[in-house]
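The values are calculated or read from the model by the stated rules, or taken from the named source; none is laboratory data. No experiment lies behind these values; they were computed from the predicted model shown. No Cβ is skipped: glycine too gets one built from the backbone with ideal geometry, and neighbour counts run over all protein chains shown.
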Amino acid sequence: MAAALATSLSTIDSIIPSAFRLPDPLWVRLQALLPPHPRRPKGGRPPADDRQCMEGIFYVIRTGCQWCALPRCFGTKPTTHGRFQQWAEAGVFHKAWKRGLLFYDEEIGINWTWQSIDGAMSKAPLGGVATGPSPTDRAKKGTKRSLQTEGAGVIIGLTVGPANRNDHKMLLPTLESRPVRPPRGTRQNMCLDKGYDYNEARDVLETNDFFAHIRSRGEEKIEMERNRKRKPRRWVVERAISWMNRFRGLLIRREKKLENYRVLAQFVCAFIAYHAARLWSN
């Protein structure tokens, strides 16, 4: 069994580019969150290797391939997808996101003072829960990710809804999705675009102790020309959306179950938090 596993992992190393591989430091932290395998008193085949299955899940998110098209070096589709379902129900990926943010806070420090929220639409050709007609793609099925970022652009909040849902309607669920919260007494400024220019959004922000900075498109550029000492703040959420769109499993939603898609997005948020902490601390 050990020899077969070593052969399989070496095969992954030889045929899968590093850009589609799970980084070793992240795997070490994920491994500590995995639930133990259930005991089998009557014996049976040993369970598939956790690292191999996690690599397969990461490959699906990174490339956007369907589960049935997963390369055989990651194991069989039923095994990898079944392990994904098991870990999703155990909250492994949400815990990884939270641990990633705490690690980032230790290494860099979460900038709670300036935050941003914006929505990003993705295609959903297979439909499913929380999908709707996309207003930018001829009313084809689509879904929307609402992201909240801290001052440097690391994702601290995420929710998913239909593509035709207004951004300001997803504001409260996005705020409630944060796995970590700021220290008490922190002044929080929220930078938003014209899509949140509603009294409902302002009430939500005021209730959650945020100072709203809502501007229409182009207004920030005009303000910068008037006062070049003032720093733009909202662009970091656009960059975070671009980071997430590099994972084609999120750019094109093929998961019909809302929870599966949300969990994959949380996995990406964890990856971004760990990567930013390691990259920006050097």
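Quick rundown of the values:
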item	result
Residue in region 33-40 that is modelled with pLDDT of 95 or more and assigned to a loop (DSSP other than H, G, I, E, B) present	yes
Residues within region 136-169 that are out of contact with any Lys or Arg (no Cβ under 7 Å at 6 or more places or on another chain) and of a type in the set (A, V, I, L, M), tallied	5
Cβ pairs under 8 Å, 6+ apart, first in region 92-115 and assigned by TED's automatic domain parsing to the domain that holds S177 and on the phi > 0 side of the Ramachandran plot, second among the small types (G, A, S) and modelled with pLDDT of 95 or more	none
All helices (runs of 4 or more DSSP H) inside region 162-245 with 2 or more residues being modelled with pLDDT of 95 or more	171-176, 199-207, 235-245
Qualifying residues in region 38-65 (those that are without any contact (Cβ under 8 Å) to a residue 40 or more places away in the chain and small (G, A, S)) - the one nearest to T80 (Cα to Cα)	G56
The one condition in (1) assigned to a helix (DSSP H, G or I); (2) touching a residue at least 24 places away in the same chain (Cβ under 8 Å); (3) surrounded by fewer than 16 Cβ atoms within 10 Å (Cβ to Cβ) that P78 fails to fulfil	(2)
Residue pairs meeting the criteria (Cβ under 6 Å; at least 6 apart or on separate chains; first more than 14 Å from I252 (Cα to Cα) and in a loop (DSSP other than H, G, I, E, B), in region 126-143; second modelled with pLDDT of 90 or more and of a type in the set (K, R))	none
